[in-house]
1. Under 7 Å between Cβ atoms, at least 6 apart or on separate chains: pull out the pairs that start in the range 173-201 with a residue that is assigned to a loop (DSSP other than H, G, I, E, B) and end on any residue that is among the small types (Gly, Ala, Ser) and crowded, with 17+ Cβ neighbours inside 10 Å.
2. Suppose we filter 259, 249 for residues that are over 29 Å from residue 142 (Cβ atoms), in contact (Cβ under 8 Å) with a residue 12 or more places away in the chain and in the same structural domain as residue 178 (by TED's automatic domain parsing); which single one remains?
3. For the range 186-214: of the residues being over 50 Å from the mean Cα position of the chain (by Cα) and hydrophobic (A, V, I, L, M, F, W, C), which is surrounded by the most Cβ atoms within 10 Å (Cβ to Cβ)?
4. Take residue 170 and tell me if it is touching a Lys or Arg at 6+ places or on another chain (Cβ under 6 Å) and modelled with pLDDT under 95.
5. Based on this model, can you work out whether residue 242 counts as of a type in the set (A, V, I, L, M, F, W, C), under 23 Å from residue 147 (Cα atoms), touching a residue at least 12 places away in the same chain (Cβ under 8 Å) and buried (at least 19 other Cβ atoms within 10 Å of the Cβ)?
6. Would it be correct to say that residue 156 is assigned to a helix (DSSP H, G or I) and either on the phi > 0 side of the Ramachandran plot or of a type in the set (Val, Ile, Thr) (or both)?
7. In this structure, is residue 139 surrounded by fewer than 19 Cβ atoms within 10 Å (Cβ to Cβ) and either outside any helix (DSSP H, G or I) or without any contact (Cβ under 8 Å) to a residue 40 or more places away in the chain (or both)?
Amino acid sequence: MNAHANPEDFDLYALGALDGEDKQQFEAHLRSCQDCRKQLAEAQAMSVLIGLTAPLLAPPPTVKAKLMDTIQKDRSAREAAATQTVLKPARRKAHWGLRFSLGFAMTTIVLALVCSWLWKMDTLHEQQLGHAMARLQKSEAQAERNQAAMRAMTRVMSAPDTVQVSLAHQAGTPPGTARVFYNARMGIVVYSGVISPAPSDKSYQLWLVPDSGAPVSAGLVEADQESGAAVAHLPQGLAAKAFAVTMEPSGGRPQPTGPKVLIGAVGSA
Ligand SMILES: [Zn+2]
């Protein structure tokens with residue numbers, strides 16, 4: 001009667017899986033055996049640990065049977081591992097804690113990178129948008145100027161008091177030909193023409209030669225100013241005697257200094 005309980009009975013009892021006569025015999029032996037009471041205490045501690053670490057699922061009977069079988073077979077192995085099992089959860093927890101903080105740090109770094117990337121993209125987009133807006137405004141301004149020039153041209157061309165002047169090429173200068181439409185009342189000059197390109201350090205400049213006084217600049221004109229006419233606004237009521245194109249230092253001059261390339265007298269057209 002004093003033979004110790006079956007080794008597997010401790011786990012089965014601790015898990016509440018021992019019943020019937022086996023349970024009665026086991027309990028009867030425990031009352032008289034301190035060693036077995038100690039071993040049951042260990043088994044109960046183990047079962048509590050298993051309960052803490054295992055998923056909280058009620059295993060189906062077949063699984064339970066297999067579990068009991070495994071418990072029986074691995075008894076000694078688990079006994080050896082018992083002390084480790086006590087340490088494991090704490091160690092594992094620490095490990096997870098480290099992993100968690102590492103993961104958290106990584107996430108933070110990734111988020112920071114993504115944020116900085118997004119910020120950069122945003123800045124880039126803002127810059128691009130700014131450039132696009134500037135271009136648009138520039139082209140809008142250009143379009144507005146073109147429209148204004150077109151309107152001025154239309155007004156000048158359709159006005160009965162507009163004079164047309166043909167400008168003739170002058171010997172010894174780049175060949176070219178041009179026409180001027182001038183409305184003194186409006187103070188608008190429309191120039192259209194083609195001249196051989198000027199040297200890079202020179203500009204062509206259009207002048208109104210008044211009945212009296214010094215020539216008045218009507219601005220720079222391009223060598224090829226045929227497809228798009230140049231429109232210049234001058235003081236209103238200026239009586240013109242002639243128009244001339246001179247070759248001036250790049251950017252033009254307040255008064256003509258260079259050779260006359262084209263000249264046309266008003267009333268000669
Ligand atoms: Zn015993």
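The values are calculated or read from the model by the stated rules, or taken from the named source; none is laboratory data. What you see is a predicted model; the values in this text were computed from it and never measured. We place every Cβ from the backbone using ideal geometry, glycine too, and count neighbours over all the protein chains shown.
1. Listed pairs, sorted by first residue: 174/198; 184/240; 196/176.
2. 259
3. It comes out as 208.
4. yes
5. no
6. Here the answer is yes, as residue 156 does meet what is asked.
7. When the stated conditions are applied, residue 139 passes them.
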